[in-house]
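What follows draws every value from the coordinates through simple rules; no lab data is involved. These numbers come from a predicted model, not from an experiment. Note that we place each Cβ from the backbone using ideal geometry, even for glycine, and neighbour counts take in every protein chain shown.
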Amino acid sequence: MIRIKGLELSEAYFYKYGLPMIETQFPEYQNRIAAGLVGDGSECFGFDDELSRDHDWGPAFCLWLTEQDFEAIGLELQKARSEEHTSELQSPV
């Protein structure tokens, strides 16, 4: 069975769901939103393994806005993010 690393899974998730959501719902901000993966999880550093998959593991990405952009679209962007689907990109444990 092929095991994808969390960082690769998250990148695929961003390109399949995050980027299209930004491009269609927030096109005027698409060049102003930064995206990445941060945290203290092993997947953020590329060190995840089989044991990592039994806790807090799965596709994710973070978005950063300027304070001004957050005031303009922050709540709407958070709502759009909460409507994303992750099931298609889940890798079996």
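Descending by average beta-carbon neighbour count within 10 Å, the peptides 8-15, 62-69, 37-44 line up as 8-15, 37-44, 62-69, the highest first. Proximity of backbone amide H atoms, modeled 1.01 Å from N, is registered between Cys62 and Gly36, Leu37, Val38 at under 5 Å, excluding neighbours fewer than 5 places apart on the same chain.
Summing +1 for each Lys or Arg and -1 for each Asp or Glu among the other residues whose beta-carbon sits under 12 angstrom from that of Phe70 gives -3. In this structure, Ser82 and Asn31 have a Cβ-Cβ separation that, at R0 = 30 Å, corresponds to a calculated FRET efficiency of about 0.80. A simple count of charges around Ile33, restricted to other residues whose Cβ falls under 13 Å of its Cβ and scoring Lys, Arg +1 and Asp, Glu -1, yields -2. Phi angles across region 25-40 convert, under the Karplus curve 6.51 cos²θ - 1.76 cosθ + 1.60 with θ = phi - 60°, into 3J(HN,Hα) values of 9, 9, x, 6, 10, 4, 8, 10, 9, 8, 10, x, 10, 10, x, 9 Hz, Gly and Pro given as x. Rounded, prolate or oblate: pick one for region 1-51, where a ≥ b ≥ c are the square roots of the eigenvalues of its C-alpha gyration tensor, a/c under 1.5 means rounded, and failing that, prolate if a/b is larger than b/c, else oblate. It comes out oblate by the Cα gyration axes. Label zone (Ala72, point 7 Å along Cα-to-C-beta; backbone nitrogen cut-off 12 Å) within region 24-51: 26-33.
3J(HN,Hα) along region 63-80: 10, 10, 10, 5, 4, 5, 5, 4, 4, 7, 10, x, 5, 5, 5, 4, 5, 4 Hz, from the Karplus curve 6.51 cos²θ - 1.76 cosθ + 1.60 with θ = phi - 60°, whole Hz, x for Gly and Pro.
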